[in-house]
Amino acid sequence: MLKVFFTRPALLVSALAVDALLVFLGLNWVGTPMGDLNYAYQGWANTGSAFGINVDWVYPYLAWLPIWLANLITPGNLLWGWIAIWALFQLSVLWLLTSFKVGGQKNERFVAGYFWLAATLLLGPVSISRLDAFSVGFAVSGVVLLFAGFARSSSVLITVGLWIKVWPIAIIAAVFASAKQKVKTLSYYASFSGVIVLFAVLLGANTALFSFLSDQGGRGIQIESPLATFWLWPAVMGDNAFGINYNGPLMTFEVFGPNTELFATLMTIVQLGALAITLTLALVASKRGADQKNILFWASFTGVLDLIVFNKVGSPQYLTWLVVPVVIGILAKAQAWKTVAGLTLIVSFLTWLIYPFAYDAILASHFWETALLTLRNAVLLGSLVYANLELQKLGK
């Protein structure tokens, strides 16, 4: 009976069913978890500006591609165009995943595919209605090609993901640290990133090409981020010096209180420092002869958690990033991949409960809903500690 599920048609039909359910829930259930498509992306599309090329933007310029395509398909109502191109894109990635002999047995490829669908479903509609979904898809495709032995093609896809959302830098760092030919590996990513920059210059890019770096630096501490916990609880306890404000231009809620600006600035440095430590641990493990695939798995999991736990933004869709390390673990047949997959599914579901279900209550500083958010953040922090310990073991 189970053999039926380990077929390509079953996996692709399951993907369509998950997407259909998430779209239905996103449009008809609690809150507006797909609201970014109408309230942010559509507004950007309507301007006709070349965001990230000659107009400052919070994202790298390739993030404009799915927005532009979606609006091209359904002008003025890109939500439906977005759903269409996302479904086609995800089906293409799953087709690729099941096309190569990676992971030793074909069952592992299907397990990886079904895990992606499960994590997507448990995170809720935000998992398919944000730019992160496309960056995850490109990263998964790159991982598949990497395991299939196509390192150069893999670097192209992961680099595209990087120029949609910056977080795949954690995957690139893990690939570099685990590679036997490190200089060649680094040259792949550097050269294709150079091609992407050159193409933007030919399109008329100016300093706005790198504006995503400075725009992110100016953001405050978003309420879902683990760091925000230190300002949320005094507000819950009735201290009026602490609380939550709405950032209109960025359409997000941020905490206010003593030293928020200082810590918001410091977190960028802390985030980069944590990623540097992860890279160092992975390089030590590589130098001491640890298994290449295990290094890739633990370094990617730790690196992605660095970018989530120490992120001052903390948007719910960031949890989709964890799909990629788990896919690596499944294909690498890493011993602890089930533990990591379980942690990912738990934090994904807790995040859906937080947004949109408990979100209004958190904004109102209610005790139990804030406790739920704190629990989710504690699981993320515990996962990061666990990942670091495992990565250190490889170096011994």
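Remarks
- Summed over segment 195-224, the residues that are touching an Asp or Glu at 6+ places or on another chain (Cβ under 7 Å) and outside any loop (DSSP other than H, G, I, E, B) give a count of 4.
- Set side by side, the residues F301, F297 differ, and just one is within 27 Å of R219 (Cβ to Cβ), out of contact with any strand residue (DSSP E or B) (no Cβ under 7 Å at 6 or more places or on another chain) and surrounded by 23 or more Cβ atoms within 10 Å (Cβ to Cβ), which is F301.
- Taken together, A133, A177, A170, A139 contain a single residue that is modelled with pLDDT of 95 or more, open to solvent by less than 10 Å² (accessible area, probe 1.4 Å), more than 18 Å from the chain's Cα centre (by Cα) and at negative phi, which is A177.
- Positions within segment 142-152 being under 21 Å from the mean Cα position of the chain (by Cα) and modelled with pLDDT of 95 or more, in sequence order: G142, V143, V144, L145, L146
- Segment 187-201 residues that are free of Cβ contacts under 8 Å to residues at least 40 places away in the same chain and farther than 13 Å from I172 by Cα, paired with ones that are of a type outside the set (G, A, S) and open to solvent by less than 60 Å² (accessible area, probe 1.4 Å) (beta carbon under 8 Å, 6 or more apart): V197/L209; V201/L209
- Considering residues of segment 202-230 that are open to solvent by less than 80 Å² (accessible area, probe 1.4 Å) and among the aliphatic types (A, V, I, L, M) only, the residue farthest from L380 (Cα to Cα): A205
- Close pairs from segment 108-130: first on the phi > 0 side of the Ramachandran plot, partner among the hydroxyl-bearing types (S, T, Y), Cβ under 8 Å, at least 6 apart: G124/T351; G124/Y355
- Scope segment 18-67; condition surrounded by 15 or more Cβ atoms within 10 Å (Cβ to Cβ), touching a Leu at 6+ places or on another chain (Cβ under 8 Å) and among the hydrophobic types (A, V, I, L, M, F, W, C); matching residues: V18, L22, M34, L37, A45, A50, I53, V58, A63, I67
- Checking each residue in segment 81-110 for being surrounded by 15 or more Cβ atoms within 10 Å (Cβ to Cβ), modelled with pLDDT under 90 and assigned to a loop (DSSP other than H, G, I, E, B) picks out F100, V102, G103.
- Within segment 347-370, being surrounded by 16 or more Cβ atoms within 10 Å (Cβ to Cβ) and free of Cβ contacts under 8 Å to residues at least 40 places away in the same chain holds for V347, L350, L353, A358, A361, E369.
- Criterion: outside any helix (DSSP H, G or I), of a type in the set (A, V, I, L, M) and either open to solvent by less than 20 Å² (accessible area, probe 1.4 Å) or in contact with a helix residue (DSSP H, G or I) (Cβ under 7 Å, 6 or more places away or on another chain) (or both) - qualifying residue of V326, V379, V313: V313
- Residue count for segment 237-286, restricted to those that are outside any helix (DSSP H, G or I), in contact with a Leu (Cβ under 9 Å, 6 or more places away or on another chain) and within 13 Å of K312 (Cα to Cα): 2.
The values are calculated or read from the model by the stated rules, or taken from the named source; none is laboratory data. Remember, it's a predicted structure, so these values are computed and weren't measured experimentally. Note: ideal-geometry Cβ built from the backbone for every residue, glycine included; neighbour counts use all protein chains shown. Protein only, heavy atoms only, side chains kept; ligands, DNA and RNA dropped before computing areas. Shrake-Rupley method; radii C 1.70, N 1.55, O 1.52, S 1.80 Å.
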